[in-house]
Amino acid sequence: MDVLALIDKLDDLIHNARTVPFSDKVAIDREEIYELLDQMRSSVPEEIKQSRWIVKERQEMLAEAKREADRLVADARDKAAHEASQEEIVKRADREAAQILEDARVREREVRLGAEDYADEVLSTLELNLGKFLAAVQRGRERLQRGPSPSDATGEAIPQPIQRIVDHEE
């Protein structure tokens, strides 16, 4: 039986006991009292076992809850660190992409300017060569106008390509 029920029984026994005439005292059957006390004594160890078991269960539940809370906090910290790391990686990638674009623009400008310089150099060389070729053509025409001689007055031979043109026109 439950200790609290036994205490209630004892309380009822005292409360319902007969009063001794002309006093505040009550007459209680000793055997009933001893029987209730014996029942209490036998119930207390069981109650204590149950309360100890409840306390142990409570402590285990609290320990499990603490472990779970610690695990959740650790997971949250790991996730926050990972997110921060990912954010830093994205920022670094953005900075590197911007640097690559800037390097590409600089390289494109250098290549374009180099190509323009090269084209100017090629055109300059071509202009010089065309000038020489034009001068050679003018000399060849002058020689042709002077006469059909394969050599001019200076004794130089007409260059072969021009000589072929002259021969072909005749």
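Coordinate-derived values only; no laboratory data. A quick note: this is a predicted structure, and the numbers were derived from the prediction, not measured.
Close Lys pairs in the stretch 9-87, defined as Cα atoms under 26 Å apart and 8 or more places apart or on different chains, number 5. Taking 0.36 nm per residue of sequence separation and removing the Cα-Cα distance, the Q99/E64 pair yields an extension gain of 7.5 nm. Per the Kirkwood treatment, what hydrodynamic radius in Å, one decimal, follows for the chain from the mean inverse distance over all distinct Cα pairs? Kirkwood radius, the chain: 29.4 Å.
Each residue of the stretch 73-80 is assigned a 3J(HN,Hα), and the resulting list reads 5, 5, 4, 5, 5, 4, 5, 5 Hz, derived from the Karplus form 6.51 cos²θ - 1.76 cosθ + 1.60 (θ = phi - 60°), x at Gly and Pro. Between A81 and K25, the contour length at 0.36 nm per residue exceeds the Cα-Cα span by 12.5 nm.
Amide H contacts for V26 (H built 1.01 Å from N in the peptide plane; partners 5 or more residues away or on another chain; cut-off under 5 Å): V20.
In a fully extended conformation the segment linking E108 and I14 would gain 23.1 nm over its present Cα-Cα distance, using 0.36 nm per residue. Over every Cα atom in the stretch 1-82, the radius of gyration and the widest Cα-Cα span, Dmax, amount to 25.4, 86 Å. Over the residues of the chain, the helix contribution to mean residue ellipticity at 222 nm works out to -30500 deg cm²/dmol, using -39500 (n - 2.57) for each DSSP H run of at least 4.
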